[in-house]
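FYI, it's all coordinate maths here, none of it is from the lab. Quantities reported herein were computed from a predicted structural model and do not represent experimental measurements. Here Cβ is always computed from backbone atoms with ideal geometry, including for glycine, and neighbour counts include all displayed protein chains.
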Amino acid sequence: MTDSTSRCGYVALVGRPNVGKSTLLNHILGQKLAITSRKPQTTRHTLLGIKTEGPVQAVYVDTPGIHKDNDKALNRFMNRTATQALRDVDLVLFLVDRLRWTDEDQMVLERVQNVRCPVIVVVNKVDRQEDKRELLPHLEWLSKQLPEAEVVPVSALHGQNLDHLEQLIAERLPEGEHFYPEDQLTDRSSRFLAAELVREKVMRQLGAEIPYQVTVEIEQFSQEGPVLHIHALILVEREGQKKIIIGDGGARMKKIGQEARLDMQKLFGSKVMLNLWVKVKRGWSDDERALHSLGYHFD
């Protein structure tokens, strides 16, 4: 955009689990804010990522993946959180993964078809599509499902076509004053971001073993001179899960701590002393009161 009109608005990133919403947000912001892993349902909370460029401020709302499993309170919380994010935004980015189309994509589509604001369909991971010609029929089909929407193929991981996507986003934001200071990156506290970084490392380390029954609580977060002291508690549901996270002779726990500390130092711009513990809290993921105490707030 070439005009100097002040624009600002909320942009929801929605889609089924594992389509790359958090990766897209991190690449647009130019730094890691949202945690990512190859596991579905890595994102559990909405997270605002704020990008101010000249007269345009886009406030991105990263949401949990909308999914079919509503058995546990945690799953119901994530679906409700993602659906609520569609209500009060100025623009929706509906992310899909190349030619893949699942029942969960259909669930998201049905919600997006009812929004009143503009929609951009973001077809992600196109770098993995060997024959790009196969994309065309799918892009046409998506256009028919949302006739008013722009359909934009991108690779969030490699930054392909993100400049064009951001141009389209800026054009669709309403005119108005900025909501946040120019240098603010997120609405979340440093404690929240530290907990998320530890949880990301746990999820990346554990394969398919226990990632969905793990959460992280920050017990201490204090700056003492040049050093940031962080004490984090990793909560699991069973004793066997605790042993898996600790690993042989504490090896896995050590690796989780080392990787989380390096990311924290980049994010906070400070030397970090990180202490981790693992504790069993039975049934936390299906107990609304326990979830509330851990920061999962049901509206």
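The table below lists the values:
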{"item": "Fewest-first ranking of Lys242, Lys279, using other Cβ atoms within 10 Å as the exposure measure", "result": "Lys279, Lys242"}
{"item": "Pairwise centroid distance, computed over Cα atoms, of the range 111-133 with the range 232-250, Å", "result": "38 Å"}
{"item": "Surrounding net charge for Ala149, when Lys and Arg each add one and Asp and Glu each subtract one, Cβ distance under 15 Å", "result": "-3"}
{"item": "Cross-link pairs beyond the 31 Å C-alpha cut-off, checked among Lys32/Lys132; Lys51/Lys279; Lys125/Lys279; Lys125/Lys242", "result": "Lys51/Lys279; Lys125/Lys279; Lys125/Lys242"}
{"item": "Only Lys, Arg (+1) and Asp, Glu (-1) charged, at Cβ; the range 126-236 dipole about Cα centre in debye", "result": "500 debye"}
{"item": "Net charge of Cβ neighbours under 12 Å - reference Gly49; Lys, Arg +1; Asp, Glu -1", "result": "+2"}
{"item": "Highest average packing first - 171-182, 193-204, 149-160, Cβ atoms within 10 Å", "result": "193-204, 149-160, 171-182"}
{"item": "Separation in nanometres of the label points that stand 7 Å from Cα toward Cβ, at Asp248 and Leu99", "result": "4.3 nm"}
{"item": "Nitroxide proxy distance, nm - points 7 Å out along Cα→Cβ at Glu219 and Leu157", "result": "3.7 nm"}
{"item": "10 Å-binned pair-distance histogram of the range 75-180 (Cα, whole percent)", "result": "13, 43, 35, 9, 0"}
{"item": "Residue exposure sequence - Ile28, Ile244 - by fewest surrounding Cβ within 10 Å", "result": "Ile244, Ile28"}
{"item": "Relative exposure of Leu93, Leu29, judged by other C-beta atoms within 10 Å (fewest first)", "result": "Leu29, Leu93"}
{"item": "Mean Cβ neighbour count within 10 Å, used as a protection proxy, ranking 257-270, 9-22 highest first", "result": "9-22, 257-270"}
